[in-house]
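Below is one structure; the comments refer to it alone.
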Amino acid sequence: MIPLSHPMSNVNGVYNAVYVVGDRVGPNLFYGKGAGADPTGSSVVSDIIDMAYRINARDIKARIPRFKNSKVTIRKGGDSQFPFYMRITTEDRTGVLSKISGILSNYDISISTVIQKGRKEKGHVPIVMLTHEASENNLKKAKVEIDRLPFIKGESVHIRIEEGNL
């Protein structure tokens with residue numbers, strides 16, 4: 001999930017976008033149609049023509065330069081800290097939130113917001129939680145325990161919320 005204020009939050013329908021932050025140029029958003037026969041076909045044909053041109057080019061500058069690894073560090077989920085969105089469907093009974101929040105607490109996951117509206121299905125209620133920043137590894141472990149609780153219906157959902165340096 002990304003904040004509504006982020007440019008990528010307005011990408012809808014058949015459009016796709018790539019958001020890149022460069023050392024010298026800062027943030028860049030590349031946006032365009034990316035679904036359907038025409039946009040896909042156009043991209044494929046364009047790539048083939050470009051490769052053929054560059055392969056046959058006599059001028060070495062026209063060829064595709066080799067990728068240079070400049071010690072780029074890729075931030076993986078694991079122990080990195082992120083806020084999360086969680087959606088859990090449970091039986092509508094007392095003590096449910098206490099058990100869930102206890103498990104989250106055991107994994108050092110702090111709850112920012114809880115939303116529980118009326119019953120969606122007979123006897124079951126959806127709970128939506130937003131957490132403060134937490135380790136993704138810890139959240140996955142907590143999710144396994146939460147999903148094993150006898151009053152949980154189905155599998156819970158968690159989505160990392162991207163904030164800040166997007």
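Number of residues in region 152-166 that are over 27 Å from TYR19 (Cβ atoms) and out of contact with any helix residue (DSSP H, G or I) (no Cβ under 6 Å at 6 or more places or on another chain) equals 3. Within region 82-123, the set of residues being under 24 Å from PRO3 (Cβ atoms) and not in a strand (DSSP E or B) comprises PRO83, LEU104, ILE109, SER110, LYS117.
Looking across region 137-166, the residues that are closer than 17 Å to SER101 by Cβ and of a type in the set (S, T, N, Q) come down to ASN138, SER156.
Here are some conditions: (1) at pLDDT 95 or above; (2) over 30 Å from ASP23 (Cα atoms). ARG93 meets all but one. Which one does it not meet? For ARG93, the exception is condition (1). When region 122-161 is limited to residues that are in contact with an Asp or Glu (Cβ under 8 Å, 6 or more places away or on another chain) and among the basic types (Lys, Arg), the one that is farthest from SER105 (Cα to Cα) turns out to be LYS153.
Among all residues of region 136-143, there is at least one that is closer than 30 Å to PRO27 by Cα, out of contact with any strand residue (DSSP E or B) (no Cβ under 9 Å at 6 or more places or on another chain), part of a helix (DSSP H, G or I) and at pLDDT 90 or above.
The values are calculated or read from the model by the stated rules, or taken from the named source; none is laboratory data. If you're wondering where the values come from, they're calculated on a predicted model, not measured in any experiment. So basically every Cβ, Gly included, is an ideal-geometry build from the backbone, and we count neighbours across all protein chains shown.
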